[in-house]
Amino acid sequence: MRIAKRLIIFCCIALLLMGCKKDDEIDVQAVIEQEKEQEEKERREEERKHKEEEERKEAQRAQEEEEQKEAQRAQEEEERRMLEEQQAAMNARGGLTVVLDPGHSAVVAPGTEPLGPGSSEYKAADASGTSGVASGVREYELTLNISVQLKAELEGRGYTVLMTRESNDVPVSCIERANVANNAGAAAYVRIHANGSENQGAAGAMTICTTPGSPYASELYSASRNLSDCILNKYCEMTGCRSEGVWETDTMSGNNWSRVPVTIVEMGYMTNPQEDLLMQTPEYQSKIVQGIADGIDLFFGFAS
Ligand SMILES: [Zn+2]
């Protein structure tokens, strides 16, 4: 470009020199000076543009950096808030006692007990329970196995957990079981059982609570029904088990003697070969435990 310009200027000067009289001769030096000035001007302009571009890029980099920092600050704030919420939920759960009752025992409590407080009707103090048609496992073994895992899970979430029995060799009557929950001032009493039926095709899970007209625990009905709904829904959601719904009955001594919200969880039928074997697998047991724990969380209003 510059060469071309110079060439043009040179030609112009030559023409001028040829076309002009000697006394009108153009001051060549002045033209060259002018040209130099022009070049210097262009160079400075280019420099200015370059500097501007650099400044613009720098400003953009600074802005991006600031945005990144802001996003990081927001993320850290969100993480801190979540941790605080988790800690608050853990603390809140710590103030709640959940009593777990692993159904039945290898040593069945002898004798009979009133069906409920003030009842003249008596029932066996405990029963031997059912057993797995395919697995051969006894119900009391399965209920203790699940309860031990559930206790650990609930404690991990922050709850205070007590059990009505921790071995298979102790006889515990229905009233004694309920009194563990009553004496602890439990916020929830969750009784773990598995079902049995003469019909091997019967399958699915249910929860059991007292009726609204219970002569023993009518004031606990709405809480016990809510506990039953929460656990059954979360249980079936987690395990994929068929729901048989909530059974309301006043024929369960252990429920009638409870002074705190109570439910029986019938996890599935041990008399159904498929369900029996499924309930013996560690993977399904883990879902059972998660489902019941999620139901308990839901009952207390915690997001699990
Ligand atoms: Zn049972």
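The values are calculated or read from the model by the stated rules, or taken from the named source; none is laboratory data. As the structure is a prediction and not an experimental result, all values here were calculated from the model. Note: ideal-geometry Cβ built from the backbone for every residue, glycine included; neighbour counts use all protein chains shown.
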So, of the residues in the stretch 111-154 that are over 15 Å from residue 192 (Cβ atoms) and among the charged types (D, E, K, R), which turns out to be farthest from the ligand (Cβ to nearest atom)?
121
For the stretch 209-225, check the following and say yes or no: at least one residue is within 16 Å of the ligand (Cβ to nearest atom) and closer than 26 Å to residue 275 by Cα.
yes
Got a sec? Which of 144, 100, 115 is aliphatic (A, V, I, L, M), without any contact (Cβ under 8 Å) to a residue 60 or more places away in the chain and surrounded by 17 or more Cβ atoms within 10 Å (Cβ to Cβ)?
144
Quick one: in the stretch 59-100, which of the residues that are under 30 Å from residue 259 (Cβ atoms) and not aliphatic (A, V, I, L, M) is nearest to the chain's Cα centre (by Cα)?
93
Return the residues of the stretch 212-229 that are assigned to a loop (DSSP other than H, G, I, E, B) and crowded, with 18+ Cβ neighbours inside 10 Å; say none if nothing qualifies.
214, 216, 217
Answer yes or no: is there a residue in the stretch 274-291 that is aliphatic (A, V, I, L, M), within 16 Å of the ligand (Cβ to nearest atom) and either farther than 21 Å from residue 164 by Cβ or at pLDDT 95 or above (or both).
yes
If only one of 268, 291 is farther than 30 Å from residue 88 by Cβ and buried (at least 21 other Cβ atoms within 10 Å of the Cβ), which one is it?
268
Residue hits (the stretch 117-157; of a type in the set (Lys, Arg) and in contact with a Lys or Arg (Cβ under 8 Å, 6 or more places away or on another chain)) are 157
Report yes if some residue within the stretch 198-210 is of a type in the set (D, E, K, R) and under 29 Å from residue 176 (Cα atoms); otherwise report no.
no
Residue ID - surrounded by the most Cβ atoms within 10 Å (Cβ to Cβ), chosen from residues in the stretch 173-206 that are within 13 Å of the ligand (Cβ to nearest atom) and in a loop (DSSP other than H, G, I, E, B)
196
